[in-house]
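Colleague: First the structure, which I've put down as structure tokens, then a few questions once you've had a look.
The values are calculated or read from the model by the stated rules, or taken from the named source; none is laboratory data. Quick caveat: nothing in here was measured; it's all calculated off a predicted structure. All Cβ positions, glycine included, derive from the backbone under ideal geometry; neighbour counts span all protein chains shown.
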Amino acid sequence: MEIKELELLWKTALQDILGNSIDDLKLSVLAKQTKDSIRRIDVYKMYLSRAESAVRDNLPFFHTSNPFVLAQRKDLSLNDRVWIVYLATYFGKSAKSGWTLFNRAVFDPNNSLIKFDQINEDVEKYFDYISSFDFFDGCSFSNHRKYIAKNLEGKKGVFKSMSFVIENIDLISSKNQVGIIHEILNKDN
């Protein structure tokens, strides 16, 4: 669907539903955002197809190191997949260093996946591993964290955030999502 067609659909819908209209610039932005959203659906369908192929062909996890493909592999536990989405969101994709920070947190030096159960068994061992090299060397966060200091430890450090997710993974990955936010917010009460 073309931008002009989307503009017409939005213009008609806004008039029919709200009995109102918006200026042409706002209408154009809305149409472009809609087109981008439709395109993203196709992109994620492609990611799912790659994940399904990787599982079917028994490919190593590093083969599908794009987090949005990796997180859809059915040969990973739900906790692994949630952990992958969390790390992809936390580090993001940097224009400078790509997914390097994500890959450093998810794969060991042999490009083997560090599974969530391994981390959960001995969190300090995982943190020691990440501390054993200059984790941030040559890397940047994505734009959404560009003003945050690159620290592993401390009040706003990576380990603080990781610890929260590790401690609450059962709430976050629960198939029963009712009341999850309430439970997290009231955990210490």
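Colleague: Out of region 122-139, which residues are modelled with pLDDT under 95 and touching a Leu at 6+ places or on another chain (Cβ under 8 Å)?
Modeller: Phe135, Phe136, Cys139 - these are the residues of region 122-139 that are modelled with pLDDT under 95 and touching a Leu at 6+ places or on another chain (Cβ under 8 Å).
Colleague: Which residues, counting only those in region 65-102, are polar (S, T, N, Q) and surrounded by fewer than 21 Cβ atoms within 10 Å (Cβ to Cβ)?
Modeller: Scanning region 65-102 gives Ser65, Asn66, Ser77, Asn79, Thr89, Ser94, Ser97, Thr100.
Colleague: Another question, then. For Arg145, only one of the following conditions fails: (1) modelled with pLDDT under 90; (2) buried (at least 17 other Cβ atoms within 10 Å of the Cβ); (3) of a type in the set (D, E, K, R). What is its number?
Modeller: Of the numbered conditions (1) modelled with pLDDT under 90; (2) buried (at least 17 other Cβ atoms within 10 Å of the Cβ); (3) of a type in the set (D, E, K, R), the odd one out for Arg145 is (2).
Colleague: Further, regarding this structure: Which residue out of Leu101, Leu87, Leu59 is without any contact (Cβ under 8 Å) to a residue 24 or more places away in the chain and under 25 Å from Ile148 (Cα atoms)?
Modeller: Leu87
Colleague: Could you please find all residues in region 141-161 being in contact (Cβ under 8 Å) with a residue 40 or more places away in the chain and out of contact with any helix residue (DSSP H, G or I) (no Cβ under 8 Å at 6 or more places or on another chain)?
Modeller: Hits for region 141-161 are Asn143, His144.
Colleague: Look through region 1-25, keep the residues that are of a type in the set (A, V, I, L, M) and surrounded by 10 or more Cβ atoms within 10 Å (Cβ to Cβ), and return whichever of them is modelled with the lowest pLDDT.
Modeller: Met1
Colleague: Among the residues of region 26-66, how many are at pLDDT below 80 and within 16 Å of the chain's Cα centre (by Cα)?
Modeller: Adding up the residues that qualify gives 6.
Colleague: So for region 113-131 (the condition being within 26 Å of Gln72 (Cβ to Cβ) and assigned to a loop (DSSP other than H, G, I, E, B)), does at least one residue qualify?
Modeller: Yes, region 113-131 contains at least one residue that is within 26 Å of Gln72 (Cβ to Cβ) and assigned to a loop (DSSP other than H, G, I, E, B).
Colleague: So, Leu76, is that one over 30 Å from Phe164 (Cβ atoms) and of a type outside the set (Lys, Arg) or not?
Modeller: Numbers: over 30 Å from Phe164 (Cβ atoms): no; of a type outside the set (Lys, Arg): yes.
No; evaluated as a whole, the condition is false for this residue.
Colleague: So, in region 84-97, exactly how many residues are more than 14 Å from the chain's Cα centre (by Cα) and not hydrophobic (A, V, I, L, M, F, W, C)?
Modeller: Count: 2.
Colleague: Okay, next question. Within region 152-189, can you find the residues that are part of a loop (DSSP other than H, G, I, E, B) and modelled with pLDDT of 85 or more?
Modeller: Looking only at region 152-189, we keep the residues that are part of a loop (DSSP other than H, G, I, E, B), and these are 152-157, 173-179, 186-189.
The answer is Leu152, Glu153, Gly154, Lys155, Gly157.
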